[in-house]
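Here the structure comes first, spelled out in structure tokens, and everything after it is commentary.
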Amino acid sequence: MLGACAALENAAGAGPAASTAWAPGRCTLVGEHVDYAGGQVLCVAMHLGIAAAVRVSGSERFLVTSGDTVVTRTGAGPKGDMGDRVLAPVVALCAHGVSVPPVEVGVAATLPPGAGLASSAALMVAVTTAILRLLSLTLTARELAAVALSAERDVLGIPCGPLDQRAVVDAPAHGALLLDCATGAGAPVAWPWPDTILVACDTGTQHDVGGAEYRRRREDTESGLAALSVASCQELTEAGIEAGHLDPVVERRLRHVMGESRRAIEAAQAMRRADVAALGRLMSASHRSLRDLHEVSTPTLDAVVGAAEAVPGCLGARMVGAGFGGTVAALVTMGSAEACRSAMAEACGGGETFLLEPSPGVAVLSPDVVQG
Ligand code: GLA
């Protein structure tokens, strides 16, 4: 929070922020590339995130600052610079009926950008929450996630599903969220192991969510669901896919979303019965499906997953997020964490590694803003 406040004062002049907010990143445990197909996802929020500090502008201009960059402008609409992302929530809030005066916004992150850990969603939720707090307004958790999703999808044109925003908002303290993307229902699942943690390695290669490949996965998946006349991947069956005589690429995509959504439910069941080996197996199976059927992994991600899995005490590992780069997460016993970090970093030529603690989402952290 201090970084965001300091950035604001440096760029816009002395005087405290009128409000601040923080939002975490997310790490999917199992259930990748199924949110846009109405599947089930098991995910956690993280202890790394994004802080926003906000105050009403002294002039009629919006001001945005992050790191060494400062942008000023007369309106909040996209202009093609870094202010677009920070001010997208202002546009989305206006579309939701909230009138936002010109504001000055400072942003600071502990979450690496472009690493598949939902930094965009964390930014949208942090800025939206700080502005709501500034205006003494509240939203429900669902409304907050919807405004943040609309900021990304409608204002910035990024074709993402609902996973990231819901994880950032709704993740419980000390546990995971099982999110049903067909109905929007979310269920908390407690983290049952004091001696098992997640280790993450940011491979330093950019992931791809606004890019052509992510769009193509969505389109292939959606065209397959439409061809079989099913509303969500949870309705898919092996026999139904067989009988559809689909294009082989589309068939692979459907096999991924069908299996991955089922694995997410099994992963939640594994956590509920504290079966750590089963959760690890499901994470590794998720990676293989993303690699072979959805084809969103890379040789670097595969190498880091393989290196983690070879460490005694590692129970499973997988790529996280949209893919084509980004982060690998491994489930490990506490005693193996350091060995796993070294092996993962070495496999990608020195990627940044960190322990990943399941952390509460914004609905838990900001009860003055998020109601119900
Ligand atoms: C990105 C998108 C999400 C989801 C994941 C893959 O993070 O923003 O909606 O599709 O990729 O699970």
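The values are calculated or read from the model by the stated rules, or taken from the named source; none is laboratory data. On a predicted model such as this, the values are computed, not experimentally measured, just so you know. Using ideal geometry, Cβ is built from the backbone for each residue, glycine included, and neighbour counts are taken over all protein chains shown. Keep in mind that these areas ignore ligands, DNA and RNA; they rest on the heavy atoms of the full protein, side chains included. Shrake-Rupley method; radii C 1.70, N 1.55, O 1.52, S 1.80 Å.
From the list A278, A310, A270, A337, the one residue that fits, being over 19 Å from R252 (Cα atoms), free of Cβ contacts under 8 Å to residues at least 40 places away in the same chain and in contact with a Leu (Cβ under 7 Å, 6 or more places away or on another chain), is A270.
Scanning the stretch 205-240 for residues that are over 23 Å from L42 (Cβ atoms), within 15 Å of the ligand (Cβ to nearest atom) and not in a loop (DSSP other than H, G, I, E, B) turns up A212, E213, R215, R216, E219, D220.
Among the candidates G31, G39, G80, G67, which residue alone is within 16 Å of the ligand (Cβ to nearest atom) and on the phi > 0 side of the Ramachandran plot? Explain how you work it out, then say what you get.
Details: G39 fails: on the phi > 0 side of the Ramachandran plot; G80 fails: within 16 Å of the ligand (Cβ to nearest atom); G67 fails: within 16 Å of the ligand (Cβ to nearest atom).
It is G31.
Return the residue satisfying two criteria in turn: it lies in the stretch 241-258 and is open to solvent by 60 Å² or more (accessible area, probe 1.4 Å) and outside any helix (DSSP H, G or I), and of such residues it is farthest from P159 (Cα to Cα). Per the stated criteria, the residue is H245.
Taking V56 as the residue in question, decide whether it is at pLDDT 90 or above and open to solvent by 40 Å² or more (accessible area, probe 1.4 Å). Yes, satisfied.
May I ask you to say which residue of G67, G75 is within 24 Å of the chain's Cα centre (by Cα), assigned by TED's automatic domain parsing to the domain that holds G15, at pLDDT below 95 and surrounded by fewer than 24 Cβ atoms within 10 Å (Cβ to Cβ)?
Details: G75 fails: within 24 Å of the chain's Cα centre (by Cα).
Of G67, G75, the one residue that is within 24 Å of the chain's Cα centre (by Cα), assigned by TED's automatic domain parsing to the domain that holds G15, at pLDDT below 95 and surrounded by fewer than 24 Cβ atoms within 10 Å (Cβ to Cβ) is G67.
Considering the stretch 94-105, and only residues there that are under 18 Å from E60 (Cβ atoms) and aliphatic (A, V, I, L, M), the residue that is surrounded by the fewest Cβ atoms within 10 Å (Cβ to Cβ) turns out to be V100.
Just to be sure before I move on: is R318 among the basic types (K, R), in contact with a Ser or Thr (Cβ under 9 Å, 6 or more places away or on another chain) and within 14 Å of the ligand (Cβ to nearest atom) in the structure I sent?
Values: among the basic types (K, R): yes; in contact with a Ser or Thr (Cβ under 9 Å, 6 or more places away or on another chain): yes; within 14 Å of the ligand (Cβ to nearest atom): yes.
Taking the combined requirement at face value, the residue satisfies it.
Considering only the stretch 209-227, I want to know if a residue exists there that is modelled with pLDDT of 95 or more, closer than 30 Å to A343 by Cβ and touching a Leu at 6+ places or on another chain (Cβ under 6 Å). Checking the stretch 209-227: not a single residue is modelled with pLDDT of 95 or more, closer than 30 Å to A343 by Cβ and touching a Leu at 6+ places or on another chain (Cβ under 6 Å).
Within the stretch 345-361, the presence of at least one residue that is surrounded by 20 or more Cβ atoms within 10 Å (Cβ to Cβ), modelled with pLDDT of 95 or more, within 16 Å of the ligand (Cβ to nearest atom) and assigned to a loop (DSSP other than H, G, I, E, B) is confirmed.
Selection of the stretch 176-217 for residues being open to solvent by 40 Å² or more (accessible area, probe 1.4 Å) and not small (G, A, S) yields T183, P188, W191, P192, P194, D195, T205, Q206, H207, E213, R215, R216. Restrict the check to the stretch 220-238 and report whether at least one residue is in contact with a Cys (Cβ under 8 Å, 6 or more places away or on another chain) and under 16 Å from V296 (Cα atoms). Yes, there is a match, as at least one residue in the stretch 220-238 is in contact with a Cys (Cβ under 8 Å, 6 or more places away or on another chain) and under 16 Å from V296 (Cα atoms).
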